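Only one structure is covered here, and it is reproduced in the block below.
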Amino acid sequence: MAVQLATGWNPNDAEVVVGTSAGASVAAVVRSGQLSVDAIVRPHETRDEVAERIRRTIYLRGGNRRVTTWLRHGLAAGLRAPGVTFALGSPAVYDPAGVSEWVRGQVGDDAVVSWPDRPTAIVAVDVASKRRVAFGTVGAPEASLGDAVAASSAIPLVFNPHMIDGRAYVDGGVISGTHADLVLGHPGQLDLILILAPMALSERRDGGYFFEQMFDGVGVRALDDELAMIRSAWADSDVLLLRPPPGALSSMRPNFMDAHAAVPSFIRTLTGLRSRLAEPEVWSMLQHHLAPATL
């Protein structure tokens, strides 16, 4: 949205959209042509009303709680090789189907049960195989947009795994927060690759929980590898990496799942990214590819 406001470019015009975790919801909104302030705050809605709508919709209690799945595919593997995988399939409080309902409210009933017409990949992790699954790509299981987003957003320890055709899926961020290398599946080289990486911070987050640091560690390593693959294959492509501004991160403390943090972090992200996009080297890149006249 920050890029759209600054340049007038419509993100739905992107040749490829890849979404993971919260980015899966962003991908759904973009590909449905619904990217707007109303996607977060409805007209005449107060901040408290937004928070209540998030709690009521996204934080839906219940869902798939198969302790044996966690013991077999998460905890046992995590004891052998400590890391994020210990939480694969872990029982949790919330059902990721609530995320699907949130997306339904943003994109509509028809869009949430179908799939975008333009190339779109939404990434989750298959709990049993521990492999990433990019819904929307060749060879991936069929899934509705709502199910794919719910699977991609099933953060271990917070949401229970999401079931699709008898298989359990969790947040794609367990492997990578970006999965940017998936753009290489496009038949032609892309001119500009815009990567949003909220969970790939190399510095320690003030007040962050242990699992945030773990996701950041996974995200940094994965993103470095993905960037290396992209630059090796498409040396002439420009890559713009955007991370949340410090003010947005501060507004999410101490609990980044707190619904009351949604509006403040949204506003601070937009204002902070405006400064980032105005940096000479960044703005020059945007001018070259998106041809905006002014900032």
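Using R0 = 41 Å, the C-beta based FRET efficiency linking Asp236 and Trp115 works out to 0.85.
I need the shape label for the stretch 90-169. Rule: rounded when a/c is under 1.5, else prolate if a/b > b/c, else oblate, with a, b, c from the alpha carbon gyration tensor. Taking the square roots of the gyration eigenvalues as a ≥ b ≥ c, the stretch 90-169 is oblate. Each other residue within a Cβ distance under 14 Å of Glu226 adds +1 if Lys or Arg and -1 if Asp or Glu, for a net charge of 0. Put simply, when 173-179, 14-20 are sorted by average Cβ atoms within 10 angstrom per residue, most first, you get 173-179, 14-20. The gain in end-to-end length when the Ala278 to Leu157 segment is fully stretched comes to 39.7 nm, 0.36 nm per residue minus the alpha carbon separation. Measuring nothing but protein heavy atoms, the accessible surface of the stretch 217-289 at 1.4 Å probe radius is 54 percent carbon and sulfur.
Based on the Cβ-Cβ distance from Ala291 to Val16, what FRET efficiency comes out when R0 is 22 Å, to the nearest 0.05? Don't skip to the end; give the middle numbers.
Values: r = 20 Å, r/R0 = 0.91.
Working from the Cβ atoms, E equals 0.65.
Our summary of shape: the Cα atoms of the stretch 89-136 have principal axis extents of 31, 27, 11 Å, ordered from largest down, in whole angstrom.
The values are calculated or read from the model by the stated rules, or taken from the named source; none is laboratory data. These figures come from a predicted structure and were not determined experimentally. When we count neighbours, we look across all protein chains shown, and the Cβ atoms used for this are built from the backbone with ideal geometry, even at glycine. Remember, those area values only see protein heavy atoms, side chains included, never the ligands or the DNA or RNA. Shrake-Rupley method; radii C 1.70, N 1.55, O 1.52, S 1.80 Å.
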